[in-house]
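The values are calculated or read from the model by the stated rules, or taken from the named source; none is laboratory data. All of these numbers come straight from a predicted model, not from anything done at the bench. Here the Cβ is made from the backbone with ideal geometry for all residues, glycine too, and neighbour counts use every protein chain on show. Only protein heavy atoms, including side chains, enter the accessible area calculation; ligands, DNA and RNA are left aside. Shrake-Rupley method; radii C 1.70, N 1.55, O 1.52, S 1.80 Å.
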Amino acid sequence: RLGFRCNQDCWFCWQGRKWPEPPAELYHRWLEEAADAGHRVVFFSGGEPTIHPELPELIRRARQEFGMAAWIQTNAIQLGKPRVMEKMLAAGLNGVFVSYHASEASISDEMTRAPRTHGLTERGIRACLESGVLVELNCVVERANYTDLAPHAERIISEFVTPYPRNPVRRVSYSHPHEYYDQDAYEHAVVSLEKIQPFLSSAVGKLHDAKVAVEGIGTCGFPPCLLKDNRQILRWLVPHEEHDADVDGRTYGSACDTCAARSRCLGVRREYLDRCGEAGLKAFTNSPF
C-alpha cells in the first residue's frame, strides 16, 4: 500500500485522507521480504498508487529482480496518459484491478466525489486493454449505483469486452462495503440486500453470458444466498480457513441458523445487520455443495 493519497475522494473508502506515509525505502524492503518469502505476485495499492513516484521502480524490481507478476489496484485515471502508460509498460506491469462503479458519469461522480473522472477511468481501462495489460474491474455496490448494475454490466461488455477479443476484461468483482471512514456517509449509502438482489443477479447473468468471470462472494463480497439464482458463480469459503482480517467483523443472522450452507459461508458484515437487519438473508434449505 503506497500511502493514502488519492486523486479521487470516494466516500465509501475506509482510509483516512491525512494518515502518514512511510518512507520510500520501506516499500522496497517489504518487496524484498515478500520475494524472499517466495511470493510470486505483488499488488500495489494505495490510496492511488499511480500518483506515487516510486511505483515504476517498484514494478521494475518486482518483475526484473524477483520474477514476480506485478499488478496495481487503481482508478486508472493516470493510465490514460501515454507517458504514464509507457513508464508502466517499460517497468513490466502485468495487470490492473480497476475501480469502476457506474455506467453513467453522474453516478460515478457522486460516489467518487471527483467530477469528470468517469471518462478518464474509462480512457485508462481502454489504454490497458489496447496495450495487452490484463484488466479486472471492481464495483462497490451501494445506494447510488445498485439500480445501475445491469446497465453497468452491459457497458462493460460493449466497451471493454466485445471490442477487445484478444484482451477483454477478464473478471468483474462486486464488493459489499464495510464501514466508511465517514460513518454518517455509511448510514446514508447502505442499502438492504433484499433491494440489491435482483439488480445484482441480472448484472451477474449478463456478464456470465458474455463469458466474463464474476466474483460476488469473496471476502469483500456478499453472502452466497444473495446469488442463489446465479449458481454458476457461487463460491464457498470455510470461515476458519480464511485470514482473521477477512472474517473479523462478520456475523450471522437468525435466518442463518438453519442454512444448509452456513459451514462454508463467511456471513454478513456486522455493521450491515445493525443498520438494515436481516432483509435479504435467505437460508439454503438443501445443501448446494
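Scanning segment 168-184 for residues that are surrounded by fewer than 18 Cβ atoms within 10 Å (Cβ to Cβ) and farther than 23 Å from Val135 by Cα returns His178, Tyr181, Asp182, Gln183, Asp184. Does segment 243-250 contain any residue that is open to solvent by 30 Å² or more (accessible area, probe 1.4 Å) and more than 20 Å from the chain's Cα centre (by Cα)? There is no residue in segment 243-250 that is open to solvent by 30 Å² or more (accessible area, probe 1.4 Å) and more than 20 Å from the chain's Cα centre (by Cα). Within the bounds of segment 93-105, is there any residue that is at positive phi and touching a Ser or Thr at 6+ places or on another chain (Cβ under 8 Å)? No, segment 93-105 contains no residue that is at positive phi and touching a Ser or Thr at 6+ places or on another chain (Cβ under 8 Å).
Under the condition of being part of a loop (DSSP other than H, G, I, E, B) and closer than 13 Å to Lys228 by Cβ, the residues counted in segment 200-213 number 0.
Of all residues in segment 94-153, those satisfying the criterion of being within 27 Å of Met68 (Cα to Cα), open to solvent by less than 40 Å² (accessible area, probe 1.4 Å) and among the hydroxyl-bearing types (Ser, Thr, Tyr) are Ser99, Tyr100, Thr121. Within segment 12-64, the set of residues being part of a loop (DSSP other than H, G, I, E, B), within 21 Å of the chain's Cα centre (by Cα) and within 30 Å of Glu142 (Cα to Cα) comprises Phe12, Cys13, Trp14, Gln15, Gly16, Arg17, Ser45, Gly46, Gly47, Glu48, His52.
Within segment 58-92, being of a type in the set (A, V, I, L, M, F, W, C) and under 16 Å from Val169 (Cα atoms) holds for Trp71, Ile72, Ala76, Leu79. Here Lys282 fulfils each of the conditions (1) open to solvent by 60 Å² or more (accessible area, probe 1.4 Å); (2) touching a helix residue (DSSP H, G or I) at 6+ places or on another chain (Cβ under 6 Å); (3) over 20 Å from Ser201 (Cβ atoms); (4) not small (Gly, Ala, Ser) apart from (3). Here Gln197 meets each of (1) in a helix (DSSP H, G or I); (2) without any contact (Cβ under 8 Å) to a residue 60 or more places away in the chain; (3) surrounded by 18 or more Cβ atoms within 10 Å (Cβ to Cβ); (4) of a type outside the set (A, V, I, L, M) with one exception, condition (2).
Exactly one residue out of Cys220, Cys265 is farther than 25 Å from His152 by Cβ and at pLDDT 90 or above, and it is Cys265.
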